[in-house]
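Notes follow once the structure below has been shown.
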Protein chains: 2
Amino acid sequence: MVNKNAPKSVIRRLPVYLRILDNLIRNEVEVISSKDLSEEIGFTAEQIRKDLAFFGAFGTRGTGYNTSFLRDKIIEIIGLGEQTNIVVVGAGHLGIALIRYNVTKNPYVNVVAGFDVDPSVIGENILGVEVMNIARINEIVERYNVKVAVLAVPAEQAQAAVENILESGINVIFNFVPTKLYVKKGVYVHNADLSMELQSLIYYATAENIKDS
Amino acid sequence: MVNKNAPKSVIRRLPVYLRILDNLIRNEVEVISSKDLSEEIGFTAEQIRKDLAFFGAFGTRGTGYNTSFLRDKIIEIIGLGEQTNIVVVGAGHLGIALIRYNVTKNPYVNVVAGFDVDPSVIGENILGVEVMNIARINEIVERYNVKVAVLAVPAEQAQAAVENILESGINVIFNFVPTKLYVKKGVYVHNADLSMELQSLIYYATAENIKDS
């Protein structure tokens, strides 16, 4: 489902909506008022309405949202309907951790291969995912119709790895390298940020701020 | 700055505000209207006003927000005014990656030690951070007034590690282990979720959805 005008901030919130809807459906909530949905998700009802309006009108005035319908729509909007194949470029500590993490945690995404240039890790098998020579990336991307690369190489190798990734036809990069990447127009780079999550935790390090919720 | 009523969802957004304000200040924007701030941050003006209202009134009607004032307030609210000391429990691939990542990326947070039970990693030094025997956690937490533990051990060791962490006096855990942790009341556990970020990326894997913004 294409909407060229939806800002990144809206797209970033869609998985939050998806997770809450998944929870509601698990708890057999079929319909939810926009006020209750707002409380569950933690965004104002206006924010939710505005976000969803980029893609259509999904609520019914007076009754609210049908949870299954909205969940399916969001899956369709993001494009999670069928499992997406990704690769992880860089099989050092972080790359290996990301492969493991994804293999165990993510139902929508499938890691088909890891890549590296270091002969000592090439051939390793991480929970069923093989680490291959980066020279094989074109072949794998074509075979598995890979759309997204997770980048986890040392900073000094990042730009060379980006060239390999782009040449393979991938144009979405989830970048874990703390360095600026240079890419051609039409390529989408998202920089990972674990530190924002960590920062918000500091709030709770003041014992008085912990409440049960 | 204590507000027992601020929901988690609001606290989680504070670092987003902080990052945007840091950018605005870097670009010498001193005052910003609530409409322009809304566009920069990607939340509706109402959402921003409602979030900030948990902590006070920070805008001026007719002019908007003073960026430096608001940035300083948010730093104060989260408690980022002085560097927070944290420890990483588990020095496998993920733990080592998290130590490295934080050491290089996060100005507000300082990793004082890693901990493990495996003699083959105890004594390792990761960018200046020593991996110690978990038996030393009480001593280190007391010495550095540590408030937060990042948990990155294998799933089967998670609950034992949690006991060690809580006994040391830490009561905020950033959990990277895909398993449910049992903690006493008053302890705050935040489960890391890289997969939501990855999911939102899938949207851009449809080439038509990539726009320059």
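Okay, here's what the table says:
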{"quantity": "Failed item, numbered, when A:Ile11 is tested on (1) more than 17 Å from the chain's Cα centre (by Cα); (2) at pLDDT 90 or above", "calculated": "(1)"}
{"quantity": "Number of the exception - A:Asp116 against (1) of a type in the set (Asp, Glu); (2) buried (at least 23 other Cβ atoms within 10 Å of the Cβ); (3) not assigned by TED's automatic domain parsing to the domain that holds A:Glu130", "calculated": "(3)"}
{"quantity": "Residue in the range A:173-186 that is in contact with a His (Cβ under 8 Å, 6 or more places away or on another chain), within 7 Å of another protein chain (Cβ to nearest Cβ) and at negative phi present", "calculated": "yes"}
{"quantity": "Condition broken by B:Tyr144, with the remaining ones in (1) touching a residue at least 24 places away in the same chain (Cβ under 8 Å); (2) closer than 17 Å to B:Ala192 by Cα satisfied", "calculated": "(2)"}
{"quantity": "Filter pass, B:Ile173 being in contact (Cβ under 8 Å) with a residue 12 or more places away in the chain, surrounded by 15 or more Cβ atoms within 10 Å (Cβ to Cβ) and in a helix (DSSP H, G or I)", "calculated": "no"}
{"quantity": "Criterion violated by B:Val112 - all others in (1) within 13 Å of chain A (Cβ to nearest Cβ); (2) under 23 Å from A:Met196 (Cβ atoms); (3) of a type outside the set (D, E, K, R) satisfied", "calculated": "(1)"}
{"quantity": "Test: residue in the range A:144-166 that is part of a helix (DSSP H, G or I) and within 12 Å of chain B (Cβ to nearest Cβ)", "calculated": "yes"}
{"quantity": "Every residue from the range A:15-46 that is under 19 Å from A:Glu76 (Cα atoms) and either touching a Gly at 6+ places or on another chain (Cβ under 9 Å) or buried (at least 20 other Cβ atoms within 10 Å of the Cβ) (or both)", "calculated": "A:Pro15, A:Val16, A:Tyr17, A:Leu18, A:Ile20, A:Leu21, A:Leu24"}
{"quantity": "Test result for A:Thr63, away from chain B (no Cβ under 13 Å), over 30 Å from B:Gly92 (Cα atoms) and crowded, with 18+ Cβ neighbours inside 10 Å", "calculated": "no"}
{"quantity": "Tally of residues being in contact with an Asp or Glu (Cβ under 9 Å, 6 or more places away or on another chain) and outside any loop (DSSP other than H, G, I, E, B) across the range B:92-110", "calculated": "3"}
{"quantity": "Number of positions in the range A:125-143 that are surrounded by 15 or more Cβ atoms within 10 Å (Cβ to Cβ) and either out of contact with any strand residue (DSSP E or B) (no Cβ under 6 Å at 6 or more places or on another chain) or not in a helix (DSSP H, G or I) (or both)", "calculated": "7"}
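Quick grid of which residues meet (1) more than 12 Å from chain A (Cβ to nearest Cβ); (2) among the polar types (S, T, N, Q); (3) in contact with a Pro (Cβ under 8 Å, 6 or more places away or on another chain):
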site	(1), (2), (3)
B:Leu98	no, no, no
B:Tyr101	no, no, yes
B:Pro107	no, no, no
B:Pro119	yes, no, no
B:Asn125	yes, yes, no
B:Val131	yes, no, no
B:Ile134	yes, no, no
B:Ile137	yes, no, no
B:Glu142	yes, no, no
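The values are calculated or read from the model by the stated rules, or taken from the named source; none is laboratory data. If you're wondering where the values come from, they're calculated on a predicted model, not measured in any experiment. Methodologically, a virtual Cβ is constructed for each residue, glycine included, from the backbone with ideal geometry; neighbour enumeration extends over all protein chains shown.
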